[in-house]
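Step one of this worksheet: look at the structure below.
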Amino acid sequence: MDFNLTKSQELFRQMIREFAENEVKPLAAEIDEQERFPRETVEKMAKLGLMGIPLPKEYGGAGGDNIMYTIAVEEISKFCATTGVVLSAHTSLCIAPILEHGTEEQKNKYLPKLGSGEWVGAFGLTEPNAGTDASAQQTTAVLDGEEWVLNGNKIFITNSGEANVYVISAMTDKSKGVKGISTFIVEGDSPGFQVGKHELKLGIRGSATAELIFTNCRIPKDNILGKVGSGFKIAMQTLDGGRVGIAAQALGIAQGAMDEVVAYTKERKQFGRSISKFQNTQFVLADLDTRIEASRLLVRKAAFCKDQHIRFSTEAAMAKLFAAETAVAVTNKAIQFFGGYGYTREYPVERMMRDAKITEIYEGTSEVQRMVIAGNLFK
Amino acid sequence: MKIVVCIKQVPDTTVVKIDPIKGTLIRQGVPSIMNPDDKGGLELALRFKEEKGAEVTVITMGPPQADLILREALAMGADKAILLTDRKFAGADTLATSSALSGALNNLEWDYIICGRQAIDGDTAQVGPQLSEHLGIAQVSYVADAKVIGENKLEVKREIEDGYQLLEVKGKCLLTVLASSFKPRYMNVAGIVDAYDKEVEIWTADSIDIEESRLGLKGSPTRVKKSFPKGVKSSGEVYEVTPEEAVDLVVSKLKEKFII
């Protein structure tokens, strides 16, 4: 049993901390305010190999591990949850399923471009009538000669319009229920593919979230990912990995808010002394810091299991559930300690609170995580 | 082209505190970092490598923990790393340090040696110039820019008090570099993954041809008599305003800092 990071992971953390502090932090308020995708940061991340951290070198990745990847999402999300989710969706929801389920041709075609960050990736499962109940997919895919023809809509898709490659779920045989779902790799310039209206959101406002519209969208026959009918399984496995990324994002938001509130309460004086000297401040923050550290251990364990190829659905669900609820609690209390100042956009805790909420919702709501955990408990 | 970059591990003096009673640095719990000017020097070497092709070797003299900055240098793009470590080197002042380094450099092939201007823990700016004297090569200190302009020829921009000198240097030489002019690159993720798979060569006093009397404490004529803090004073801000405006300004500043 060893709780220490390896030397390489330590060195990686040193690098990503410097990067986040110097490159991510200065833009965080601006991209939130302007609801603008942080393209320049993505380019900087690409140059350093951050867009393909856990991707093996043979496919053009950095050859790192999932612990490093979660450290990256955490450290970036300490300052900017938008940039954190761009990286998380790209890595966990697009690179990972192609790496795990793709043919050698698909891997060689897509992974080097995604891993180098030349291309950005996205993933489409959610539909207007298929959210938590992902089996209610209405998007269809029909084989027509040498091409699949896709029709339907996906909503709330992260990296929409910014991505070059989308991993998309669609029904290939409605009569088979979840076993009739298949997964496809759709390039952003495919005929009949369109990005719809961008959502205006409470938080992570720089993240590009939009509808994807498929109108007789034609893609090559070879762009099916995995076997016909294996789409639901691929989606669930992909989301297990994605949840580790979102848990790391939530952890980063919580830690970022904690760092802000500790600094502020030491500085802020009321009744003649720093408010950090009050027992209420100390006890509330002690409890929250304990929850942050517990979140970190859950995130690390889930990432460790993924690296060791041990089944980690439950670990991922626990990490995401706990870290997301921690992020919401910490950011909420952070504003309370900042008082009126915290409610303004002069201080980052206001943005952090808005950003935290989504972590309880996307890639499986907290209720879904409880379903997954309970499912394992009562199997 | 072969370049050797001399680097040093130093306590991050931006977070170092001074013991108010003893007047000495409290080094406990202070992170160790690659000296900023040295990192600037490594950046210059890596730019030469990218533009003209070069083999970049980094060398440091220090305790075994100094391995960390060599790994960092490898992750940034250095090709080879050497750790010069031996109890016999302990207690070295700048002269004994430059003597030991000159011994190591005599064992290596190089066209250029790059050092940082000075280390943030000692601020002497002596090791680079001393090293070039030991080796009998030209030196350019306070380098703000440098480019290769021909076979064995560099054009070097050197910072002086009220401006710059532009120099042309022929043949082997040593440069001491300013961190402010060379923003270092980040470590690369793939480089980090490989950094601990690469070999860091360990050299001891036996690896270099320098008599023991010139090494470590024995080879150090400098004795530190006393260390004391110089007292911290912020630079402040200057405003040219009327007395009425000054009152408003002072009040708003105090509010900003939550003093009132």
Charged-residue dipole, Cβ positions (Lys, Arg, Asp, Glu), the range B:2-219 about Cα centre, Debye nearest 20: 260 debye
Two-site label geometry, A:Arg17 and B:Leu217: point separation in nm, points 7 Å out along Cα→Cβ: 3.4 nm
Unsatisfied cross-links (Cα-Cα over 31 Å) in the set A:Lys25/A:Lys197; A:Lys277/B:Lys253; A:Lys201/B:Lys253: A:Lys201/B:Lys253
Simple label model, 7 Å out from Cα along Cβ direction - B:Lys52 to A:Asp307, nm: 4.1 nm
Relative exposure of A:Lys201, B:Lys226, B:Lys170, judged by other C-beta atoms within 10 Å (fewest first): B:Lys226, B:Lys170, A:Lys201
Karplus-derived HN-Hα couplings along the range A:272-288 (A = 6.51, B = -1.76, C = 1.60, θ = phi - 60°), whole Hz, x at Gly and Pro: x, 8, 4, 5, 5, 7, 6, 5, 4, 4, 5, 5, 4, 6, 4, 4, 5
A:Phe184, A:Phe304, A:Phe123 arranged by Cβ crowding within 10 Å, fewest neighbours leading: A:Phe304, A:Phe184, A:Phe123
Between helix B:94-106 and chain B: long-axis angle, C-alpha atoms, 0 to 90°, nearest 10: 40 degrees
Cα gyration tensor shape for the range A:1-125, rounded if a/c is under 1.5, else prolate or oblate: oblate
Within-14-Å neighbourhood charge of B:Gln9 [Cβ basis; K, R +1; D, E -1]: -2
Calculated FRET value between B:Lys170 and B:Ser32, using beta carbons and R₀ = 41 Å, to 0.05: 0.60
Long-range HN-HN contacts of B:Glu55 with modeled amide H, under 5 Å: B:Lys2, B:Ile3
Using θ = phi - 60° and Karplus 6.51 cos²θ - 1.76 cosθ + 1.60, couplings along the range A:369-379 (whole Hz; Gly, Pro as x): 4, 5, 4, 5, 5, 5, x, 6, 5, 10, 6
Net length gained if the chain between A:Ala263 and A:Val178 were fully extended (0.36 nm per residue, minus Cα distance): 25.6 nm
With at most 12 other Cβ atoms within 10 Å, longest stretch of chain A clear of loop GluC sites (Glu not before Pro) (DSSP): A:147-345
Residue-averaged 222 nm ellipticity for the protein assembly as shown, from DSSP H runs of 4+ at -39500 (n - 2.57), nearest 500: -13000 deg cm²/dmol
Exercise: per-residue mean of other protein chain Cβ atoms within 10 Å, A:11-22: 4
Shielding score for A:44-55, defined as the mean number of other chain Cβ atoms within 10 Å: 3
Gaussian network model of chain A, springs between alpha carbon atoms under 10 Å - residue of A:Thr326, A:Thr290, A:Thr314 with greatest fluctuation: A:Thr290
Separation of the B:Asp145 and A:Phe3 label points, Cα + 7 Å toward Cβ, nm: 5.2 nm
Shielding by partners, peptide B:190-199 (average Cβ within 10 angstrom, other chains): 6
Note, ³J(HN,Hα) from phi for the range B:73-87, Karplus 6.51, -1.76, 1.60, rounded to Hz, x at Gly and Pro: 5, 5, 5, 7, x, 5, 8, 9, 9, 10, 10, 9, 9, 5, 4
Within straight-line cross-link reach of A:Lys306, lysines at Cα separation under 17 Å, skipping those fewer than 8 residues along the same chain: A:Lys233, A:Lys320
Listed residues A:Gly161, A:Thr331, A:Leu200: farthest to the positive end of the dipole of chain A (Cβ charges): A:Thr331
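Since every read-out is calculated from the coordinates, none of them should be taken as a lab result. On a predicted model such as this, the values are computed, not experimentally measured, just so you know. Glycine gets a Cβ as well: all are built from the backbone with ideal geometry, and neighbour counts include every protein chain shown.
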